[in-house]
1. Show which lysines lie in cross-link reach of K106 when reach means a straight Cα distance below 30 angstrom and same-chain residues fewer than eight apart are skipped.
2. Scan the chain and report its longest stretch carrying no trypsin sites (Lys or Arg not before Pro) that are both in a DSSP loop and have at most 16 other Cβ atoms within 10 Å.
3. Which value, in debye to the nearest 20, gives the size of the charge dipole of the chain about its Cα centre, when Lys and Arg are +1 and Asp and Glu are -1 at the Cβ?
4. Per residue, what accessible area does region 28-121 have, given a 1.4 Å probe and all protein chains present, in Å²?
5. Which whole-number percent is the relative contact order of the chain (Cα, under 8 Å, 6+ apart)?
6. With the cut-off at 17 Å, report for region 1-100 the share of all Cα pairs above it, as a whole percent.
7. Within the accessible area of region 25-121, what % is carbon and sulfur when the probe is 1.4 Å and the other protein chains stay in place?
8. From the gyration tensor of the Cα coordinates in region 43-96, what semi-axes in whole Å does the equivalent ellipsoid have, largest first, with each one equal to sqrt(5λ)?
Amino acid sequence: QVQLVESGGGLVQPGGSLRLSCAASTSIFSIYTLGWYRQAPGKQRELVASVTGAGNTDYGDFVKGRFTASRDNAKNTLLLEMTSLKPEDTAVYYCNLQGYSDLDFKYHEYWGQGTQITVSS
């Protein structure tokens, strides 16, 4: 009913750039928010960026203009362009879909499997 396919990630040097992509496939949501979250070892999962179906974007405070999220509703894809990466950006990044289901009208959220990003020289 919901499938999230993540791509991108890997090892990058400090100051470098990476792109993450999340392709969403769903038969039970007409309207939903797509987002990227991250979790570093020993820390709580936190919002990186999210985009609603209407195109409203929200970023984590730590982003500070370094990352840009964009959503292609025709392709059900969320892109995350990351620049000026820092070692503290090292984490597992998860794609997230959330919204009210067309089936039960209740709020649900789904997670991708996660992709590792390591920022190190």
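The values are calculated or read from the model by the stated rules, or taken from the named source; none is laboratory data. Values in this document were obtained by computation on a predicted structure and should not be read as measured data. So basically every Cβ, Gly included, is an ideal-geometry build from the backbone, and we count neighbours across all protein chains shown. The accessibility values were calculated without ligands, DNA or RNA, using every heavy atom of the protein model including side chains. Shrake-Rupley method; radii C 1.70, N 1.55, O 1.52, S 1.80 Å.
1. K43, K75
2. Of all site-free stretches, the longest is 1-42.
3. 240
4. Accessible area per residue, region 28-121: 55 Å².
5. Details: 294 pairs, mean separation 42.0, N = 121.
So the answer I get is 35 percent.
6. The answer is 48 percent, as a whole percent.
7. Numbers: 2560 of 5340 Å².
Carbon with sulfur: 48 percent of the solvent-accessible area.
8. Calculated on Cα positions only, the semi-axes equal 20, 12, 11 Å.
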